[in-house]
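Enquirer: Supplied in structure tokens, the structure appears directly below.
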Amino acid sequence: MKVIWNSQIVEREEVSIDPEDRGYQFGDGIYEVVRAYNGVFFCLDEHIDRLYSSAQKIEMAIPQTKEEMKSLMNQLLKESGVETGNLYLQVTRGIASPRNHVYPDLSVLPTITGNMTIVPRDAEKIASGITAVTEPDIRWLKCDIKSISLLGNIMAKHEAHKRNADEAILHRDGIVTECSASNAAIVKDGVIYTHPDGNLILPGVTKIVWLKCAEALGIEVREEPFTLNQLAEADEVFCSSTTIEVMPIHTINGEKVNNGKSGEITRQLADAFKQKIEEHCGTV
Ligand code: PDD
């Protein structure tokens, strides 16, 4: 399998990670997950913009221009032969010795890795939805950076897994922020509520697209915080990410939402989102 290794495409076996790579040692790095359908990336520009924005927020200089990075990713997509799947791209602050918390100077180049995995689109799940539990948001206060340090996220997801749920809906003192690996939204009386962008959530690329879909469909969206009580009383609940698209949540903490069925507005958004994919990548 071909992978991205710094500025090249190489065989996976050729990649070696240094024990003093700052990503490996400190979790000092950022990443993106980009989805491809029919051999075409969806929302590549938006993902690239967020990658470079994350890099800038941690004062990391990516040597490649955005255009060079895009062409590397497209080259990998082509050479991997993957049609529908996910690209995981990671950029760490590179190798610096001896171990020192202080950032090394900019002559230390980032380590870039990227690999494609085949992941078919799960249309059945997008129609039927997933289960969730609520968990405290124990993460740091810069969740807008797509950091590879994901312990807070994976601990929440693991708690969900232990409670037989697919996703963890996170809250800070009763205010819902997002999910462990997706953005969260509720629908009440025909209006969608979702936490505003800022330091408490990741600004989702999928969210950018469904916000546009909602506008086109004439559905009102309020980007304002909502509480656990509002979550419990919502008509519909959904989450969104690159890998799961617009995904209904039909059960929260064992209680059914909308009688356990995907709601009408969520369905409309999921359909409109699929149309956006098809306009760019062909039939899915
Ligand atoms: N996760 N919030 C969090 C905490 C996320 O990890 C993600 C995505 C999102 C949604 O972002 P987007 O719509 O740009 O995918 C929101 C990716 C898919 C992951 O870590 O696998």
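The values are calculated or read from the model by the stated rules, or taken from the named source; none is laboratory data. Not measured: the values here are computed from a predicted model. Cβ coordinates were reconstructed from backbone atoms using ideal geometry, including for glycine residues, and neighbour counts include every protein chain displayed. These accessible areas exclude ligands, DNA and RNA; they are computed on the full protein's heavy atoms, side chains included. Shrake-Rupley method; radii C 1.70, N 1.55, O 1.52, S 1.80 Å.
Enquirer: Of (1) of a type outside the set (Lys, Arg); (2) out of contact with any strand residue (DSSP E or B) (no Cβ under 7 Å at 6 or more places or on another chain); (3) surrounded by fewer than 21 Cβ atoms within 10 Å (Cβ to Cβ), ASN153 satisfies all except one. Which?
Expert: Single failed check for ASN153: (3).
Enquirer: If you don't mind, another one. Among the residues of segment 9-25, how many are surrounded by 12 or more Cβ atoms within 10 Å (Cβ to Cβ) and in contact (Cβ under 8 Å) with a residue 12 or more places away in the chain?
Expert: Residues of segment 9-25 that are surrounded by 12 or more Cβ atoms within 10 Å (Cβ to Cβ), as a first pass: 9-10, 15, 17-18, 20-25.
Applying the additional criterion that residues be in contact (Cβ under 8 Å) with a residue 12 or more places away in the chain yields 9, 15, 17-18, 20-25.
Qualifying residue count for the region: 10.
Enquirer: Any residue at all in segment 235-258 that is open to solvent by 10 Å² or more (accessible area, probe 1.4 Å), over 20 Å from VAL33 (Cα atoms), at pLDDT below 95 and in a helix (DSSP H, G or I)?
Expert: Initially, segment 235-258 is screened for residues open to solvent by 10 Å² or more (accessible area, probe 1.4 Å), giving 235-236, 241-244, 250-258.
In the following step, the residues that additionally are over 20 Å from VAL33 (Cα atoms) were identified as 235-236, 250-258.
Restricting the remaining residues to those that are at pLDDT below 95 gives 258.
Subset that is in a helix (DSSP H, G or I): 258.
For segment 235-258, residues open to solvent by 10 Å² or more (accessible area, probe 1.4 Å), over 20 Å from VAL33 (Cα atoms), at pLDDT below 95 and in a helix (DSSP H, G or I): present.
Enquirer: Something else: Filter segment 33-43 down to residues that are more than 11 Å from the ligand (Cβ to nearest atom) and open to solvent by less than 20 Å² (accessible area, probe 1.4 Å) and give me whichever is nearest to THR117 (Cα to Cα). Lay out the reasoning, then the answer.
Expert: Taking segment 33-43 as the starting set, the residues that turn out to be more than 11 Å from the ligand (Cβ to nearest atom) are 36-41.
Keeping just the survivors that are open to solvent by less than 20 Å² (accessible area, probe 1.4 Å) gives 36-37, 41.
Values: ALA36: 10, TYR37: 12, PHE41: 13 Å.
If we take residues in segment 33-43 being more than 11 Å from the ligand (Cβ to nearest atom) and open to solvent by less than 20 Å² (accessible area, probe 1.4 Å), then ALA36 is nearest to THR117 (Cα to Cα).
Enquirer: Give ALA272, ALA181 a once-over and let me know the one that is touching a helix residue (DSSP H, G or I) at 6+ places or on another chain (Cβ under 7 Å) and part of a loop (DSSP other than H, G, I, E, B).
Expert: On the way: ALA272 fails: part of a loop (DSSP other than H, G, I, E, B).
None of the others qualify; the one that does is ALA181.
Enquirer: Report yes if some residue within segment 57-71 is open to solvent by 70 Å² or more (accessible area, probe 1.4 Å), more than 25 Å from ARG121 (Cα to Cα) and under 21 Å from the mean Cα position of the chain (by Cα); otherwise report no.
Expert: Yes, the conditions are met somewhere in segment 57-71.
Enquirer: May I pose another question? Mind checking which residues of segment 157-183 are within 11 Å of the ligand (Cβ to nearest atom) and either under 21 Å from ILE58 (Cβ atoms) or touching a Phe, Trp or Tyr at 6+ places or on another chain (Cβ under 6 Å) (or both)? First the steps, then the outcome.
Expert: Initially, segment 157-183 is screened for residues within 11 Å of the ligand (Cβ to nearest atom), giving 157, 167-168, 170, 177-183.
Correct list: THR177, GLU178, ALA181.
Enquirer: Counting just the residues of segment 187-233 that are assigned to a helix (DSSP H, G or I) and open to solvent by less than 30 Å² (accessible area, probe 1.4 Å), which one comes out nearest to GLU255 (Cα to Cα)? Please lay out each step first, then the result.
Expert: Within segment 187-233, the subset assigned to a helix (DSSP H, G or I) is 205-217, 228-232.
Among the residues that remain, those that are also open to solvent by less than 30 Å² (accessible area, probe 1.4 Å) are: 205-207, 209-210, 213-214, 231.
Values: VAL205: 29, THR206: 26, LYS207: 25, VAL209: 29, TRP210: 26, CYS213: 29, ALA214: 27, LEU231: 11 Å.
The qualifying residue nearest to GLU255 (Cα to Cα) is LEU231.
Enquirer: Keeping to segment 159-177, report how many residues are outside any loop (DSSP other than H, G, I, E, B) and over 12 Å from ALA132 (Cα atoms). Spell out the reasoning first.
Expert: First pass over segment 159-177, keeping only residues outside any loop (DSSP other than H, G, I, E, B): 159-162, 167-172, 175-177.
Among the residues that remain, those that are also over 12 Å from ALA132 (Cα atoms) are: 171-172, 175-177.
The qualifying residues number 5.
Enquirer: Ok, one more. Quick one: which residue in ILE48, ILE30 is within 16 Å of the ligand (Cβ to nearest atom), buried (at least 19 other Cβ atoms within 10 Å of the Cβ), of a type in the set (Val, Ile, Thr) and not in a strand (DSSP E or B)?
Expert: So the residue among ILE48, ILE30 that is within 16 Å of the ligand (Cβ to nearest atom), buried (at least 19 other Cβ atoms within 10 Å of the Cβ), of a type in the set (Val, Ile, Thr) and not in a strand (DSSP E or B) is ILE48.
Enquirer: Something else about it: Using the structure shown, decide if GLU278 is of a type in the set (Asp, Glu), part of a loop (DSSP other than H, G, I, E, B) and either at pLDDT 95 or above or within 16 Å of the ligand (Cβ to nearest atom) (or both). Explain how you work it out, then say what you get.
Expert: On the way: of a type in the set (Asp, Glu): yes; part of a loop (DSSP other than H, G, I, E, B): no; either at pLDDT 95 or above or within 16 Å of the ligand (Cβ to nearest atom) (or both): yes.
For GLU278, the condition - of a type in the set (Asp, Glu), part of a loop (DSSP other than H, G, I, E, B) and either at pLDDT 95 or above or within 16 Å of the ligand (Cβ to nearest atom) (or both) - is not met.
Enquirer: Moving to a separate point now. Evaluate segment 11-18: report whether one residue or more is within 16 Å of the ligand (Cβ to nearest atom) and at pLDDT 95 or above.
Expert: Kept after step one, since they are within 16 Å of the ligand (Cβ to nearest atom), are these residues of segment 11-18: none.
Scanning segment 11-18, I find no residue that is within 16 Å of the ligand (Cβ to nearest atom) and at pLDDT 95 or above, so the answer is no.
Enquirer: From ILE126, ILE138, ILE154, which residue is more than 25 Å from THR266 (Cα to Cα), in contact with a helix residue (DSSP H, G or I) (Cβ under 6 Å, 6 or more places away or on another chain) and within 16 Å of the ligand (Cβ to nearest atom)?
Expert: Just one listed residue meets the conditions, ILE138.
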